[in-house]
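A short write-up of the structure that comes next.
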Amino acid sequence: MNDKSNKSPSPPRHGDTQVVTAGREHGAYYGFVNPPVYHASTVLYPTAEDFAARRGRYQYGRRGTPTTEALESALRELEGPQCAGVVLVPSGLAAISSALLSVTKAGDHLLVTDSAYEPTRKYCDNVLTRFGVTTTYYDPSISAAIAEQFRPNTKAVFLESPGSLSFEMQDVDAIAKVAHAKGAAVLIDNTWASPLYFRPLEHGVDLSIQAGTKYIGGHSDLMLGTVSANAAHVAALKETVGLSGLCEGPDDVYLGLRGLRTLAVRLERHFKSGLVVAHWLEQRPEVLRVLHPAVPSFPGHGIWKRDFTGASGLFSMALKPVPQKAVYAFLNTLELFGMGASWGGFESLAIPFDCTHARTATHWAPGGPTIRFHIGLEAVDDLLADLERGFAAMAAATG
Ligand SMILES: Cc1ncc(COP(=O)(O)O)c(C=O)c1O
C-alpha cells in the first residue's frame, strides 16, 4: 500500500491480507485510511470541450465515484486474476437478475439449479419468460451429465453451491467444462462462501454473484449486490447494468467496504462456531441429519473439501418427525437466535423452511421438519445452552 515502487514485487497475498489492503489508493484522500462517502450525481467539467468529450475520471454519479471504485477494485482483487471487472447493484437479487440479463436474449434457454434461492427461480419464471427466455431446472448433483440437458439455444448455466437452504454441493469445474464446450456462460451465486473460501472464476465460472447484504456487509444493516466477471463477459455485464440505470447508494457502498475489511476474521468465527454447533446437533437424539458441507457425513462433503477453503455459518438440520407445534416451541424458546430473512450478520438466526414447492427437478424429502441456522458471533457455549433449552421446550410440546 505504501509507495515502494523501488522495491522488488510483493509475493501473492492471502485473501485475509487482501481484504485489508485491496482497493486502497496510496496518497489519496489526504492520507486518511478510508475513502470519503461521495454523495454525488452531477460532476462538473471545467470547459465546454471537456464536457463535449466527457473528459474526466468521473462522468456522473450513477457511473461511479471514488467510493464505488474502492469497493469494486477491492472485490476484483479478491476474486483473483481472472476477474476483469465488478459491478455494484442495490441488492443480491438485483445482482442475480442483472447477471442473467447480461447473458440472455429472446429465444434463449437457461439451465438453473433446482436448489437456487427461490427468488432466482421466480425471476426466471415470472420475468425472463416475458422476454422469451425459458428455463429448465436441473438436479444440483448432476455434474458432467448436465450435457444431456443442453438444447441448441441454451446460453447459460446458473449454479448456487451450496444451495442456501438445502446445501447441495455442485461440481463447478465439471459443469463449467461442459457449458463452455457447448458455448454457454456459467453463473454462480457464491454468497455462502464469498471469494475468501471459494474463488469461482478460478473454477471456470464466468460471472460470480454475491449478495453483499450478507457476509460482506456483515452487520445486517445494508443491501448490496455484486457481480464479478471475467474478460469475456465484463463488457456485456457493465452495459446491462449501466443501461438499466442500476447503481448502489453511497452509504451502502461504504458500509460494504467497511464490512469487507473484517470479513476474514468474522468468517473464521462463523466457520468455527458453525461447525461446533453442527457437530453438537448431529449427536442430538432429536436430529435426523445435519445439512452442512463441512460435516463429513454430508453427501456433498467431498466436493466441499476439494474446492473450498472454509465454510460460513449457514446450514440446516432435519429433525426426526415431530408436530409443527413442537418445532415452533423450539424456535419460540430460543433467545439468541432471531427469526427473519437474510443471514451473514453478526447475529444468530433460526428459521423453519420447506423446499417442497420450490423444486421441479428433484424431490424434497428431508425426512422431518427442517430448520436453517445462521451461527453468529456470540460465544458458542451460550448458543448451545440456548439450543438445549429449545430442545427441552420441543420435548414438552411433543407431549
Ligand atoms: C443465496 C442468496 N442469494 C441472493 C440473495 C438475495 O440477496 P438480497 O437480499 O441482497 O437481495 C439471498 C438473500 O437471502 C440469498 O440467500
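Descriptive notes on the structure:
- The chain: relative contact order as a whole-number percent, Cα under 8 Å and 6+ apart: 16 percent
- Taking all C-alpha pairs of segment 1-131, those more than 24 Å from each other amount to 53 percent.
- Normalised size of the chain, defined as Cα radius of gyration per 2.2 N^0.38 Å with N residues, equals 1.03.
- Label zone at H219 (point 7 Å along Cα-to-Cβ), backbone N below 16 Å, segment 361-378: 377
- Peptide packing: for 86-93, 305-312, 14-21, the average count of neighbouring Cβ atoms within 10 Å per residue gives the ranking 86-93, 305-312, 14-21, highest mean first.
- Bridgeable lysines around K105 (alpha carbons under 26 Å apart, same-chain partners fewer than 8 residues away excluded): K122, K155, K177, K182, K238.
- For the options W304, W343, W280, a Gaussian network treatment of the chain with springs between C-alpha atoms closer than 10 Å singles out W280 as fluctuating the most.
- Of the Cα atoms belonging to segment 222-364, the radius of gyration and Dmax stand at 19.0, 55 Å.
- Packing-based ranking, highest mean first, of 146-155, 346-355, 25-34, 256-265 given that Cβ atoms within 10 Å are counted: 256-265, 346-355, 146-155, 25-34
- Counting only residues at least eight positions apart within a chain, or on another chain, the lysines with an alpha carbon under 19 Å from that of K214 are K272.
Each reported figure results from applying straightforward, stated rules to the coordinates on display, with no laboratory input. Here the structure is a predicted model, which means the values were calculated and not measured. Backbone-built Cβ (ideal geometry, glycine too); neighbour counts: all protein chains shown.
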